[in-house]
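Each remark here refers to the structure printed beneath this line.
The values are calculated or read from the model by the stated rules, or taken from the named source; none is laboratory data. Only a predicted model underlies this, so the values are computations on that prediction, with no experimental measurement involved. FYI the Cβ positions are ideal-geometry reconstructions off the backbone, even for glycines, and counts take in every protein chain you see. Accessible surface is based on the protein model in full, side chains and every heavy atom, while ligands, DNA and RNA are left aside. Shrake-Rupley method; radii C 1.70, N 1.55, O 1.52, S 1.80 Å.
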Amino acid sequence: MRKPTDQEVDLTVAAMLRWGVTSAAVVVFVGGLLYLRHPWAGVPDYSHFHVENDSLRSIAGIFTGAVHFDPRNIIQAGLMVLIATPVARVVFCVVGFARQRDLLYVGVSIAVLLVLLYSLGSGAR
């Protein structure tokens, strides 16, 4: 197996980011259309804070609700795809730099990945 060139890695990363952002936008748009389409949903009262249901607080709950076509869960799933896109980019960069045998960039990418995962994990409390 040959080592990928820098240009090949860059083009693949750019395509992955494009697909991730586009698919997240489509999922959020579909969820928004479904949310606006529900005639039985009343006008929301934004004068008081209301805690949302627990299905929007866990990954399993979000995807379970999205499978059942709950519009809020579909929107939330699209936002999760948007958040996962740069994380997937960093993971791909680690693999790409490892295939190029560029240990400095592998180390930097792993450090960035650890910071991203720590930030996502600490924010979920």
Going by the conditions given, is Phe69 among the hydrophobic types (A, V, I, L, M, F, W, C) and crowded, with 16+ Cβ neighbours inside 10 Å?
-> no
For Ala24, the lone unmet condition from (1) over 27 Å from Gly121 (Cβ atoms); (2) under 15 Å from the mean Cα position of the chain (by Cα) is (1)
Output the number of the condition that Tyr35 fails; it satisfies all remaining conditions of (1) at pLDDT 90 or above; (2) among the hydroxyl-bearing types (Ser, Thr, Tyr); (3) open to solvent by 100 Å² or more (accessible area, probe 1.4 Å).
-> (1)
Can you find a residue in region 5-21 that is in a loop (DSSP other than H, G, I, E, B), at pLDDT 80 or above, out of contact with any strand residue (DSSP E or B) (no Cβ under 6 Å at 6 or more places or on another chain) and farther than 13 Å from Gly78 by Cα?
-> yes
Could you identify the single residue in Ile59, Ile110 that is at pLDDT 90 or above and open to solvent by 60 Å² or more (accessible area, probe 1.4 Å)?
-> Ile110
When you scan region 89-107, how many residues do you find that are surrounded by fewer than 16 Cβ atoms within 10 Å (Cβ to Cβ) and small (Gly, Ala, Ser)?
-> 2
What do you reckon, is Phe92 in a helix (DSSP H, G or I), in contact with a helix residue (DSSP H, G or I) (Cβ under 8 Å, 6 or more places away or on another chain) and not hydroxyl-bearing (Ser, Thr, Tyr)?
-> yes
